[in-house]
Amino acid sequence: MSTAPHVPYRLEFSVEVPGTPEQVWHAVATAPGLTAWFLPTELEEREGGRLHFSMGEDMGSDGHVTAWEPPHRLVYEEDWAALMGKDPDELSPMTSEFVVEARSGGTCVVHVTTSGFGTGADWEQEWWDDMGTSWKPSFDVLREYLARFPGQQATLLEADASHPGDAAAVWSALREALGLGEEGSAVDVRGHTGTVVRLAERQAVVRLTAPVPGVLSASVHDGGQGGAGAYLRAHLFSPDAAAYVQREEPAWRAWLADLPVVTR
């Protein structure tokens, strides 16, 4: 039994996004809105409503809404213990709050706070730190969604692959294969064109223009045991998007699996 004290974890940040409070609320507090820039989401729009984020095949996070104040404030809890494979008495729920604040000039600021209590183990602190790093790029996708596709429903394309080598080597291979230059530079890969919106450590967000408009997120995460995982997720907005995903998703998965990683 662990004797480490229970310590709070907390992540806070704010992002400015285009749109009215109602548009931003739709994006951060409804199932279609969250699905359009984050993860496939099920959400009952009321206090006490059920919440589910899909994280891939047979994996997801369950929770419920604890505060529902449209169009300004949403709070929900997720079952962090179940997500981490821990006993319920070891970890309290993870709580997230979105506060939408109107600004002049047709923009809003979204204040995001996520907190939880854990046992203080090193792996939990590392997981929490990584959560901040991996979650924040999604808000670049939110900004693109509200600027160019507000209120539209997204079709998701997803691909992932594990590779030998450290995360830096896998990211180097993925960045080169995608042709990612600096922010603002053009991208042309597999017949798809776009512009680099954000480039960070082992992460990128690309605005797609053709053949289907949308937003592509690319990232690499340490998989342990001498390997790393490469991930692609595209939120696509077009009447042709569903047909495109059905046709092209297997090709993207094969392309990612064949990434030429140089191992040391």
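Side notes on the structure shown:
- Some residue of region 200-220 being open to solvent by 60 Å² or more (accessible area, probe 1.4 Å) and among the hydroxyl-bearing types (Ser, Thr, Tyr): yes
- Spans of strands (runs of 3 or more DSSP E) in region 24-69 with at least 2 residues more than 29 Å from residue 103 (Cα to Cα) and aromatic (Phe, Trp, Tyr): none
- Flag if residue 2 is out of contact with any Ser or Thr (no Cβ under 7 Å at 6 or more places or on another chain) and modelled with pLDDT under 95: no
- Scan of region 232-246 for residues that are in contact with a helix residue (DSSP H, G or I) (Cβ under 9 Å, 6 or more places away or on another chain) and in a loop (DSSP other than H, G, I, E, B), ordered by number: 237, 238
The values are calculated or read from the model by the stated rules, or taken from the named source; none is laboratory data. This is a predicted model, so every value here is computed, not measured. All Cβ positions, glycine included, derive from the backbone under ideal geometry; neighbour counts span all protein chains shown. Ligands, DNA and RNA are excluded from the accessible area calculation, which covers all protein heavy atoms including side chains. Shrake-Rupley method; radii C 1.70, N 1.55, O 1.52, S 1.80 Å.
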